[in-house]
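Heads up, the thing below is written out as structure tokens.
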Amino acid sequence: MAVDVPQLVEQARAGRPRAVARLISLVEGASPQLREVMAALAPLTGNAYVVGLTGSPGVGKSTSTSALVSAYRKTGKRVGVLAVDPSSPFSGGALLGDRVRMSDHASDPGVYIRSMATRGHLGGLAWAAPQAIRVLDAAGCDVVLVETVGVGQSEVDIAGQADTSVVLLAPGMGDGIQAAKAGILEIGDVYVVNKADRDGADATVRELNHMLGLGEARGPGDWRPPIVKTVAARGTGVDEVVEALEKHRAWMEERGVLAERRRRRAAREVETIAVTALRERIADLHGDRRLGALAEQIVTGTLDPYAAADALVAGVTESRRDGA
């Protein structure tokens, strides 16, 4: 059933949660009206500060996200939260664990919380996350917090979607820094050692400082990621995290880094949409005799895979032209 997109966007701008929820549902469901939705939202975006929170399972991402919501709400900012959960193996939907932990904000009209399932997408985020962030931005959120699923070494998609990336660690979780250094440890703009009331917190900070010191050389004026200790469950250290985030934002704005990050983010989004459209057109050829013929030629050695791919792309282009 078609929806009245302009009216829905107007309601979302007025802060109506149901309208925001409907827009994100259209995004997640890849609605035929998705292009209309994105066109309507485009002039309204570009104002929200997008903060990504990532880290290994058990470091307290949801609790930290909830604490940050409280801190930002004290300053009067509208906050959107996109909590990416693992997909349910039964329904394919989000398990909603993160949303349960942020139930304290459920009745606050200045906070919008949405759980999204990864639906098999790797990288720690859901495939529809970029467009969902755009919806929250257009809906008037001053800050959008994006919490990834528990990640390991290679799930670093959040660095490409956030203005500022926060990497959370916790003491007492084995050699967590060693496990993270090949991936997520390299993407942080701010590092948070949560559960700092546990034994080993100071040692974790020292080791993290050492690892960061081994990283690429920084010149005068370059950003050096701060390390903040928190006990998010009690709200301890959360104001210091917000202060670090605001300092990073100011540094990026002063040097044009923020605008460049957003341009790169937009470029990746366009590329992803274009590649997805191309894959869909190629998928349409799976039942086409051309693909079978090309596969047969590869098996018999009369054609190499690259030449076959070129022929397939040419076929897609020709089909597109004939259908236009």
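The values are calculated or read from the model by the stated rules, or taken from the named source; none is laboratory data. Because the structure is a prediction, the values reported are computed rather than measured. Neighbour counts are summed over all protein chains in view; Cβ atoms, including those assigned to glycine, are modelled from backbone coordinates with ideal geometry. Note: accessible area is taken over every heavy atom of the protein model, side chains too, but ligands, DNA and RNA are not part of it. Shrake-Rupley method; radii C 1.70, N 1.55, O 1.52, S 1.80 Å.
Heavy-atom accessible surface of region 216-273, averaged per residue, reaches 63 Å², computed with a 1.4 Å probe. Distance between the modelled labels on Lys77 and Arg262, one decimal in nanometres: 1.4 nm (7 Å Cα→Cβ projection).
Put Ser62, Ser107, Ser70 in order of accessible area, largest first, 1.4 Å probe: what do you get?
Working: Ser62 10, Ser107 105, Ser70 50 Å².
My answer, sorted largest first, is Ser107, Ser70, Ser62.
Taking the solvent-accessible surface of protein heavy atoms with a 1.4 Å probe, what is the per residue accessible area of region 1-86 in Å²? So region 1-86 comes to 44 Å² accessible per residue, rounded to a whole number. The figure for Met38 is an accessible area of roughly 40 square angstrom, using a 1.4 Å probe on the protein chains alone.
Sorted by accessible area with a 1.4 angstrom probe, largest first, how do Thr276, Thr148 fall?
Sorted descending by solvent-accessible area, the residues read Thr276, Thr148.
Taking the protein heavy atoms of region 1-58 in the context of the full set of protein chains, the accessible area attributed to carbon and sulfur is 53 percent at 1.4 Å.
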